[in-house]
Amino acid sequence: EYMGILENSANATLDMQGAALWLVLLMCVAKLLSTMVDFGNTTNSEVAVEQAESPLKFQPVRAGSAPESSAQKYLQKIMQSAPKGLTWDQYGQYIVDEAKKSFLQEVTPPDDAPVTLVSGAFGIGPDGYEQEPFDPSALVSTFLKYPQNKVVFATEELLTTISPHIDNTTTKVIVIDIQQLKKYFGQAYRDIDTIRNNPNWRFQVGWLQNSPQATLSEFNMIVMSKLFFLREAARLNPWNTESFLWMDASVSCVTPAKLTRKHMGVFNQHFDRLFLPFFTYKPEVETHGFPWHLYDHFLNDYAVEQRVVKGWAFGGRAEFIEVAALLVDLIIRETLHQQAMGNGDSILSILMYRFPDVVHPFSLNSACASSDQYDRSCPGFSNSAYWCAVFEWALHGPPSR
């Protein structure tokens with residue numbers, strides 16, 4: 001409009017006051033443009049962050065703002081070419097097989113290859129229960145202390161709380177809109193709510209009725225989304241790494257400062273596929289709330305002892321994260337459609353059983369050979385929980401046999 005006015009009034013005489021007003025207008029427009037950042041392709045139009053007046057110490061990025069990756073493009077073509085009438089697991093296997101033909105290659109990174117660490121701040125405490133108000137101490141005292149470059153997912157409401165603790169030189173923040181996540185889940189979110197309020201599910205065992213997946217409407221949606229968050233971090237890739245490791249903010253297995261880049265060997269050695277640590281468990285009624293008989297069906301394994309993923313630390317290279325996230329989406333929707341629900345670890349366990357070509361499992365039992373499901377001790381290791389064994393391995397090497 002400004003340029004049009006100039007053209008139409010080229011021969012007009014502007015007084016000094018009018019010219020000054022136009023100059024002020026131009027300066028305001030230039031200032032506004034200089035304080036906008038375009039974060040690329042997005043499903044949300046409001047991805048610009050105004051820097052000048054932000055009370056935060058960092059510039060958050062909106063989830064969904066990552067440009068389309070080459071792996072995404074391949075997967076879109078694969079999904080479009082899938083035969084009709086496939087069951088969910090047949091469809092998933094078709095995606096894996098076609099991805100292996102086109103872009104999915106098993107490459108083991110060097111032991112000292114850099115890894116982006118990823119976590120989240122969602123107002124859920126270390127025990128899984130809601131925190132009111134949110135206490136950032138677990139995030140601050142553990143995850144943010146790791147020396148590697150990091151990505152933190154956070155809700156809009158918690159940005160000002162975590163802001164004083166964010167170091168821009170090592171940590172990027174991605175904003176998650178919980179309402180948008182609910183829309184993405186759609187019917188799956190409604191299924192979660194139906195199941196958690198069903199007495200037949202809720203009262204299977206005594207502990208379940210007071211568990212976070214039963215009492216918090218958004219808990220299972222968030223914990224089932226960890227791999228989606230990891231995928232978003234890999235797509236944005238602010239630190240230009242090949243591999244990404246999700247770590248729950250409350251993971252406190254080691255002194256964070258000790259887990260340096262040179263100690264990432266055990267993780268990189270398993271990043272040829274998606275690294276998933278697991279332990280063995282003998283269920284009697286359920287596993288994480290997932291009814292035993294339905295769990296066996298989805299695992300396609302009817303052994304007395306089950307392998308259960310411990311999903312507080314897992315990850316891999318970007319291509320495998322892309323494929324695994326798509327498979328997890330299938331698993332989430334199919335299990336909930338059949339009114340079967342556990343938690344996020346249940347979903348990752350089904351992924352490990354059903355699609356072994358994309359997973360490199362790590363047995364926490366073998367890393368802590370003398371332990372069983374009732375004895376969490378690891379002789380020779382400083383930590384008591386055997387699912388910390390992978391971190392002990394990272395610092396000190398494998399235990400002697």
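The values are calculated or read from the model by the stated rules, or taken from the named source; none is laboratory data. In this text, all values refer to a predicted model and were calculated from it rather than measured experimentally. Don't worry about glycine lacking a Cβ; one is built from the backbone with ideal geometry, like all the others, and counts go over all protein chains shown. Remember, those area values only see protein heavy atoms, side chains included, never the ligands or the DNA or RNA. Shrake-Rupley method; radii C 1.70, N 1.55, O 1.52, S 1.80 Å.
For every residue, the table says whether it meets (1) at pLDDT 90 or above; (2) in a loop (DSSP other than H, G, I, E, B); (3) open to solvent by 20 Å² or more (accessible area, probe 1.4 Å); (4) not basic (Lys, Arg).
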| position | (1), (2), (3), (4) |
| --- | --- |
| Glu319 | yes, no, yes, yes |
| Asp329 | yes, no, yes, yes |
| Ser349 | yes, no, no, yes |
| Phe362 | yes, no, no, yes |
| Cys378 | no, yes, no, yes |
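Within the stretch 180-195, identify whether any single residue is small (Gly, Ala, Ser) and touching a Leu at 6+ places or on another chain (Cβ under 7 Å), and answer yes or no. Let's see the steps before the verdict.
First, the residues of the stretch 180-195 that are small (Gly, Ala, Ser): 186, 188.
Going one step further and asking which of them are touching a Leu at 6+ places or on another chain (Cβ under 7 Å), we end up with 188.
The answer is yes, given that some residue of the stretch 180-195 is small (Gly, Ala, Ser) and touching a Leu at 6+ places or on another chain (Cβ under 7 Å).
Checking each residue in the stretch 331-347 for being closer than 20 Å to Pro212 by Cα, in a helix (DSSP H, G or I) and of a type in the set (A, V, I, L, M, F, W, C) picks out Ile332, Leu336, Ile347.
Within the bounds of the stretch 269-286, is there any residue that is open to solvent by less than 40 Å² (accessible area, probe 1.4 Å) and in a helix (DSSP H, G or I)? Step through it out loud before you land on a result.
Of all residues in the stretch 269-286, those open to solvent by less than 40 Å² (accessible area, probe 1.4 Å) come to 270-272, 274-280, 283, 286.
Within this subset, residues satisfying the condition of being in a helix (DSSP H, G or I) are none.
The answer is no, given that none of the residues of the stretch 269-286 is open to solvent by less than 40 Å² (accessible area, probe 1.4 Å) and in a helix (DSSP H, G or I).
Candidates are the residues of the stretch 78-100 that are among the charged types (D, E, K, R) and surrounded by 12 or more Cβ atoms within 10 Å (Cβ to Cβ); the one that is nearest to Glu334 (Cα to Cα) is Asp89. Restricting the stretch 247-260 to residues that are within 17 Å of the chain's Cα centre (by Cα) and open to solvent by 10 Å² or more (accessible area, probe 1.4 Å) leaves a set whose member that is nearest to Gly186 (Cα to Cα) is Asp248.
Residues that are more than 18 Å from the chain's Cα centre (by Cα), over 21 Å from Val61 (Cα atoms) and of a type in the set (Gly, Ala, Ser): does the stretch 151-165 have at least one? Looking through the stretch 151-165, none of the residues is more than 18 Å from the chain's Cα centre (by Cα), over 21 Å from Val61 (Cα atoms) and of a type in the set (Gly, Ala, Ser). All conditions but one from (1) among the β-branched types (Val, Ile, Thr); (2) without any contact (Cβ under 8 Å) to a residue 40 or more places away in the chain; (3) open to solvent by 40 Å² or more (accessible area, probe 1.4 Å) apply to Thr160; the one that does not is (2).
So in the stretch 163-184, with the set limited to residues that are in contact (Cβ under 8 Å) with a residue 60 or more places away in the chain and not aliphatic (A, V, I, L, M), which one is farthest from Leu330 (Cα to Cα)?
So the first thing to find is which residues in the stretch 163-184 are in contact (Cβ under 8 Å) with a residue 60 or more places away in the chain, and the list is 163-164, 166, 168, 171-177, 180.
Then keep just the ones that are not aliphatic (A, V, I, L, M); that gives 163-164, 168, 171-172, 177, 180.
Details: Ser163: 35, Pro164: 38, Asn168: 36, Thr171: 31, Lys172: 29, Asp177: 22, Gln180: 19 Å.
Step by step, filter the stretch 163-184, then rank; the result is Pro164.
Among the residues making up the stretch 134-157, those that are part of a loop (DSSP other than H, G, I, E, B), touching a residue at least 12 places away in the same chain (Cβ under 8 Å) and not hydrophobic (A, V, I, L, M, F, W, C) are Pro136, Thr142, Tyr146, Pro147, Gln148, Asn149. Taking residues in the stretch 90-113 that are closer than 30 Å to Ala394 by Cβ, and partners anywhere that are acidic (Asp, Glu) and surrounded by 16 or more Cβ atoms within 10 Å (Cβ to Cβ), the pairs with Cβ atoms closer than 7 Å and at least 6 places apart or on different chains are Phe103/Glu319; Leu104/Glu319; Glu106/Asp272; Val107/Asp272; Thr108/Asp272; Pro109/Glu242; Ala113/Glu242. I'd like the residue in the stretch 287-317 that is more than 26 Å from Ile192 (Cα to Cα) and of a type in the set (A, V, I, L, M, F, W, C) and, out of all such residues, is surrounded by the fewest Cβ atoms within 10 Å (Cβ to Cβ). Ranking the qualifying residues of the stretch 287-317, first place goes to Val304.
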